[in-house]
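What follows is a single structure, written as structure tokens, with notes after it.
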């Protein structure tokens, strides 16, 4: 990689945006440039009506080695300049309406695991290990790992990962429900793209609203809560009034593929 190479790149694969962390010489460690490049790519993805799903992966033999310790040691910031609201890697606090899939190739402990946790779905390589080893270095997982892990796996398992700092292998991550697919290392991106294609084939408004409802539901208490049901109705009202809501049943009745308009 040359000095002029972008720290992350976005590539269009039909309706899918493939975003690649592009600092392979440092295992895609996160510095300010990478955070800015990823955050900008996510903005571009979310604003383009022709793009429906994003897949995030890493160049080279790692997904992401976490924060760039050399940058930190030099007193440099690692967040995107002018966009602290995006969080670590320009991603962990950067909510977008459209689905984002992590395609985790290789090393992903610490910050790499936190990026995975911030994505909606995840495909990981068979040899990938996940975990939050920060406590072994007198630190703590500050980029969402401690917040998201107990929402995605049972509490005692999350505490085991967070308090021991020990890694978990791909088979364990799958058994615990932390990832959607485990694939051979050379097939991780393709398996993630296939999952993305299945999502991209669906009605965009319905997909976006479904994602928002699932994520917003945790802000409420019991699933018998009136406020929760009001949020659900508010989010889905536009979906059921859309042209796509008419097109779906019509296409089914006419035995053809639906032609979504996203409105």
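The values are calculated or read from the model by the stated rules, or taken from the named source; none is laboratory data. Fair warning: this is a prediction, and the values are worked out from it, not measured in the lab. Because the Cβ atoms are built from the backbone with ideal geometry, glycine has one as well, and the counts that use them run over all protein chains shown.
Determine which member of the set 209, 251 is free of Cβ contacts under 8 Å to residues at least 40 places away in the same chain and either surrounded by fewer than 13 Cβ atoms within 10 Å (Cβ to Cβ) or more than 24 Å from residue 46 (Cβ to Cβ) (or both).
Numbers: 209 fails: either surrounded by fewer than 13 Cβ atoms within 10 Å (Cβ to Cβ) or more than 24 Å from residue 46 (Cβ to Cβ) (or both).
The conditions single out 251.
Where residues in segment 176-220 are in a loop (DSSP other than H, G, I, E, B) and in contact with a helix residue (DSSP H, G or I) (Cβ under 8 Å, 6 or more places away or on another chain), which of them is modelled with the lowest pLDDT? Steps first, answer last, please.
Pass one, segment 176-220, residues in a loop (DSSP other than H, G, I, E, B): 176-180, 184, 201-203, 220.
Next cut, in contact with a helix residue (DSSP H, G or I) (Cβ under 8 Å, 6 or more places away or on another chain) only: 176-180, 203, 220.
Working: 176: 97, 177: 96, 178: 97, 179: 98, 180: 98, 203: 96, 220: 90.
Only one residue tops the list, namely 220.
Of all strands (runs of 3 or more DSSP E) completely enclosed by segment 1-63, which ones contain at least 2 residues that are more than 12 Å from residue 89 (Cα to Cα) and in contact (Cβ under 8 Å) with a residue 60 or more places away in the chain? Let's see the steps before the verdict.
Numbers: elements: 8-13, 16-21, 53-58.
Passing ranges, in order: 16-21, 53-58.
Looking at 170, 192, 185, 203, which is the one that is touching a strand residue (DSSP E or B) at 6+ places or on another chain (Cβ under 7 Å), touching a residue at least 12 places away in the same chain (Cβ under 8 Å) and within 15 Å of residue 52 (Cα to Cα)?
Sole residue among the options that is touching a strand residue (DSSP E or B) at 6+ places or on another chain (Cβ under 7 Å), touching a residue at least 12 places away in the same chain (Cβ under 8 Å) and within 15 Å of residue 52 (Cα to Cα): 192.
Give the number of residues within segment 48-63 that are out of contact with any strand residue (DSSP E or B) (no Cβ under 6 Å at 6 or more places or on another chain) and farther than 30 Å from residue 262 by Cα.
Residues flagged as out of contact with any strand residue (DSSP E or B) (no Cβ under 6 Å at 6 or more places or on another chain) and farther than 30 Å from residue 262 by Cα within segment 48-63 amount to 2.
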